[in-house]
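The values are calculated or read from the model by the stated rules, or taken from the named source; none is laboratory data. Keep in mind it's a predicted model, so treat the numbers as computed, not measured. Cβ: placed from backbone, ideal geometry, glycine included. Neighbour counts: every protein chain shown. Note: areas computed on protein heavy atoms with side chains; ligands, DNA, RNA excluded. Shrake-Rupley method; radii C 1.70, N 1.55, O 1.52, S 1.80 Å.
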Amino acid sequence: MIIDVHTHLLTNPFSQREVEDFLDGADRFGIDKLCVAALGPGCYYPTKLIHEPTQEQCASFNDDLYKIMKLYPERIWGWTYINPAYPGAVDEVRRGIEEYGMIGVKMWTGTRCNDPRFFPVVEAAIQYNVPILQHTWDKVTGYFPNESRSIDVADLAERYPEVKIVMAHNERAVLKVKHCPNVFMDTASPIAELGMIEKAVDHIGANRLVFGSDCIGVDFASTIGKIIGSDLSEEDKAKILGGNFLRILGRDQ
């Protein structure tokens, strides 16, 4: 089974045509499950990005995502999107997990991930035994407000060794979290350098990498291609493409 742990769909409103195109694209690459986080109508339009959504906006985006999940229950799993800067984030986690059957928590740029306001959400994720998909990016400049770095993830992982964190986008920062066994790294980066995946495996092992594309902002081809075209064993490729995430979720399928 191939699972893309990191994708997005535009919502408020969502387009069923866009969802069907999204699924068609996944079909071309044999992707069975798509884990979606809904960040609103401006997900990939820089002038419309909502970096600090209210909790009411997050709830609305999650509501739209749940409609999509019900239309395609065999293909789409949802992440519960929250902003811990506002009251109600823990309640939204509860609603997403208990009422909507979502697989975990999506954290973008509401706060840095080692901000104490995020800690109650982390504790809720531990209680529900669900992972957190944590946006991170290590840059020279051009950070979004409250954008987390890999050192922030390491700080959080050390503070809460029980929580399961999928660190997004940042397989090039593998050394920053090498010492944190509860941090897994997704491959959701448009960069497809030769040897990138092999280097990450050399440092942290194949068991801590999971396939993510960041589609619809990044195409499936480059992100899955750097795994399929790597020099890893077929067993390690299968772990990264789906087996590891099933293990994180505690599922067989």
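Hey, could you check segment 19-45 for residues that are touching a residue at least 40 places away in the same chain (Cβ under 8 Å) and farther than 22 Å from ALA168 by Cα and say which is surrounded by the fewest Cβ atoms within 10 Å (Cβ to Cβ)?
ARG28
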ILE103 vs (1) surrounded by 15 or more Cβ atoms within 10 Å (Cβ to Cβ); (2) within 20 Å of SER148 (Cβ to Cβ): all pass except (2)
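Would you pick out the residues in segment 169-197 that are among the hydrophobic types (A, V, I, L, M, F, W, C), more than 13 Å from VAL5 (Cα to Cα), outside any helix (DSSP H, G or I) and open to solvent by 10 Å² or more (accessible area, probe 1.4 Å)? So that I can check it myself, show each step before the final result.
Restricting attention to segment 169-197, the residues satisfying the condition of being among the hydrophobic types (A, V, I, L, M, F, W, C) are 173-175, 177, 180, 183-185, 188, 191-192, 194, 196-197.
Next cut, more than 13 Å from VAL5 (Cα to Cα) only: 173-175, 177, 180, 183, 191-192, 194, 196-197.
Add one more test, that the residue is outside any helix (DSSP H, G or I), and what stays is 180, 183, 191-192, 194.
ILE191, ALA192, LEU194, listed by residue number.
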Which members of segment 128-168 meet the condition of being more than 19 Å from the chain's Cα centre (by Cα), of a type in the set (S, T, N, Q) and either buried (at least 18 other Cβ atoms within 10 Å of the Cβ) or part of a helix (DSSP H, G or I) (or both)? none
For segment 181-223, which residues satisfy the criterion of being in contact with a strand residue (DSSP E or B) (Cβ under 8 Å, 6 or more places away or on another chain) and β-branched (Val, Ile, Thr)? VAL183, THR187, ILE197, VAL201, ILE204, VAL210, ILE216, THR223
Determine, yes or no, whether PRO73 is under 18 Å from the mean Cα position of the chain (by Cα) and part of a loop (DSSP other than H, G, I, E, B). no
LEU65 vs (1) open to solvent by less than 10 Å² (accessible area, probe 1.4 Å); (2) more than 23 Å from ILE165 (Cα to Cα): all pass except (2)
